[in-house]
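Working notes, structure below.
The values are calculated or read from the model by the stated rules, or taken from the named source; none is laboratory data. Note that this is a predicted model, so its numbers are computed, not measured. Neighbour counts are summed over all protein chains in view; Cβ atoms, including those assigned to glycine, are modelled from backbone coordinates with ideal geometry.
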Amino acid sequence: MKVQILDKNDVSVRLLIEGSNAAFMNALRRIIISEVPTMAVDDVVIIENSSALQDEFLAHRIGLMPLKTDLDTYNLPENCACKSEFGCNLCRASLILDVEAENHTITTYSGDFKSENPSITPVSEKIPLAKLAPSQKIRLEAYARLGKGKEHARWQPVSMCAYKYMPIITVNTKLCDLCGDCIKMCPRNILVKKGEKLEVRNTTDCTICQDCVDACQKTPKAIEVKWDENTFIFRLESTGALTPKRIVSEALNILDEKLTDLQSQLKGK
Ligand code: SF4
Ligand code: SF4
Ligand SMILES: [Zn+2]
């Protein structure tokens, strides 16, 4: 298998993976979505809430707030030595929200939370939680823990994770008269007229929709769009809880553990 990074930044990555198959790509995608743990608020103790939002609604919003995750320090509650339903410093982090609107209406944001652990904070300080009219207040304690996307979407490390086959676009220059119909039809601007040639650019952006082929009036078609069944473009966008690199490497470790477990169980039979 050959892997090339097509582009990456702090929260997303696009990989070109050659020499693989759809089953492996899908296993990787599903493990990323459902098994790579992240930190999220699981329990909220509301001490005071005089805002217009009901307690449950407020707790739900806080639960969906992505938190920076420290996988090296924290344990999943089910694996923690404390075995306590209240958790300990190694499986639970608490965050406090204490806000009050004095003379004018304010919006309280994720950045208003004070965390007991500075490495477990909201990934963005600008997630609006509630509006408070003058003299309204919210005081609460939120408890975050590691969890997995298969329990609830709030623990998913990604906002998007998908793959597609690598497109192969070929133009038959003998049949093509440069009419431009396919150029107008392509939603991704993959096809351009350059001199006396129809040029294909940014092939990895092609969605394999076949609209260009349908638009071509020639018989047989002067353009053909196929795909390579062993080459994939794999994209993921992190919620910010973990880096894209850490998400992929954790998913591969989990897959490896599952296969090792399967192998040892088969040997035991
Ligand atoms: S298959 Fe769709 S996206 Fe790809 S080149 Fe043709 S029209 Fe554009
Ligand atoms: S529609 Fe067909 S003939 Fe016209 S430019 Fe595209 S490939 Fe060439
Ligand atoms: Zn614990």
| task | Of the numbered conditions (1) more than 16 Å from ligand 2 (Cβ to nearest atom); (2) of a type outside the set (A, V, I, L, M, F, W, C); (3) out of contact with any helix residue (DSSP H, G or I) (no Cβ under 8 Å at 6 or more places or on another chain), residue 124 fails exactly one; give the number of that condition. | result | (3)
| request: Tally the residues that are in contact (Cβ under 8 Å) with a residue 60 or more places away in the chain and part of a loop (DSSP other than H, G, I, E, B), restricting the search to region 58-88. | output: 9
| remark: Apart from one, (1) in a loop (DSSP other than H, G, I, E, B); (2) within 30 Å of residue 63 (Cβ to Cβ); (3) of a type outside the set (A, V, I, L, M); (4) in contact with a helix residue (DSSP H, G or I) (Cβ under 8 Å, 6 or more places away or on another chain) all hold for residue 234; the odd one out is (1)
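Considering only residues that are in a loop (DSSP other than H, G, I, E, B) and either in contact (Cβ under 8 Å) with a residue 24 or more places away in the chain or of a type in the set (Gly, Ala, Ser) (or both), look in region 45-57 and name the one that is nearest to residue 249 (Cα to Cα).
Within region 45-57, the first condition is being in a loop (DSSP other than H, G, I, E, B), and the residues that meet it are 50-54.
Still in the list and also either in contact (Cβ under 8 Å) with a residue 24 or more places away in the chain or of a type in the set (Gly, Ala, Ser) (or both): 50-53.
Values: 50: 44, 51: 42, 52: 43, 53: 40 Å.
Per the stated criteria, the residue is 53.
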| message | Of everything in region 180-232, what is within 25 Å of residue 22 (Cα to Cα), among the hydrophobic types (A, V, I, L, M, F, W, C) and out of contact with any strand residue (DSSP E or B) (no Cβ under 7 Å at 6 or more places or on another chain)? Give them in sequence order. | response | 209
| note | For region 85-111, the count of residues that are surrounded by fewer than 14 Cβ atoms within 10 Å (Cβ to Cβ) and away from ligand 3 (no atom under 16 Å from the Cβ) equals 6
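Any idea which of 159, 238 is of a type in the set (Ser, Thr, Tyr), away from ligand 1 (no atom under 11 Å from the Cβ), at pLDDT 95 or above and surrounded by 19 or more Cβ atoms within 10 Å (Cβ to Cβ)? Break it down stepwise before answering.
Working: 159 fails: surrounded by 19 or more Cβ atoms within 10 Å (Cβ to Cβ).
Just one listed residue meets the conditions, 238.
Taking the stated definitions as given, is residue 166 under 21 Å from residue 26 (Cβ atoms) and outside the structural domain of residue 144 (by TED's automatic domain parsing)?
Details: under 21 Å from residue 26 (Cβ atoms): yes; outside the structural domain of residue 144 (by TED's automatic domain parsing): yes.
Answer is yes for this residue.
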| Close pairs from region 138-150: first among the aromatic types (Phe, Trp, Tyr), partner modelled with pLDDT of 95 or more, Cβ under 6 Å, at least 6 apart | 143/43; 143/92; 143/94
